[in-house]
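Only one structure is covered here, and it is reproduced in the block below.
The values are calculated or read from the model by the stated rules, or taken from the named source; none is laboratory data. Just so you know, these numbers come straight off a predicted model, no measurement behind them. Ideal geometry is used to build each Cβ from the backbone, glycine not excepted, and the neighbour counts take in all protein chains shown. The area values use the complete protein model at the heavy-atom level, side chains included, leaving out ligands, DNA and RNA. Shrake-Rupley method; radii C 1.70, N 1.55, O 1.52, S 1.80 Å.
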Amino acid sequence: MKTSMSETILIERYLWGELLPLEKQNFKARLLKSPRLRLRVYFQKKVHLLVKLYHRKKLKAELEVLHEELFSNPDKTQFRENIHHIFNKG
């Protein structure tokens, strides 16, 4: 099942909401007629979800490292005091 790059780009544009109204209408008509295209869109949505989850997990790990550095390092005492002061105003 070989797919052209132009079809892949069209699917991406559809998923990102970048199609013009007529393009979107035509694409939806193609979706109704083509089980193969529906399957491609389904799997492309799954890829988007996996990429999003991967980046979320990666960002969380990076934030945990940053948190550990900022709140455990004795050299960052002034930073912690500033944060404490900002969030306990009132």
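Entry note: the chain has Rg to Rh equal to 1.35, where both radii use alpha-carbon atoms and Rh is the Kirkwood radius. What the chain shows is 87 Å² of accessible area per residue, with the surface traced by a 1.4 Å probe over protein heavy atoms.
Which residue, chosen from 59, 86, 4, occupies the Cα position most advanced towards the positive end of the dipole of the chain, where the dipole is computed from +1 (Lys, Arg) and -1 (Asp, Glu) charges on Cβ about the Cα centre? My answer, from the dipole projection, is 4. Within the chain, the trypsin sites (Lys or Arg not before Pro) that combine a DSSP coil assignment with at most 15 other C-beta atoms in a 10 angstrom radius are 2, 89. Among the lysines of segment 25-77, pairs at least eight places apart or on separate chains and with Cα atoms under 27 Å apart come to 15.
Residues 9, 83, ordered by accessible area of protein heavy atoms at a 1.4 angstrom probe radius and largest first, appear as 9, 83. Extension gain, residue 65-residue 44: 0.36 nm per intervening residue step, less the Cα-Cα distance, totals 4.4 nm. Placing unit charges on the Cβ atoms only, positive for Lys and Arg and negative for Asp and Glu, gives the chain a dipole magnitude near 900 debye about its Cα centre. Adding -39500 (n - 2.57) for every DSSP H run of four residues or longer, then dividing by how many residues the chain holds, sets the calculated 222 nm ellipticity at -27500 deg cm²/dmol. For segment 12-54, the alpha carbon convex hull comes to 51 Å³ per residue, rounded to a whole number. Helix 77-87 and the longest principal axis of the Cα set of the chain meet at an angle near 70°.
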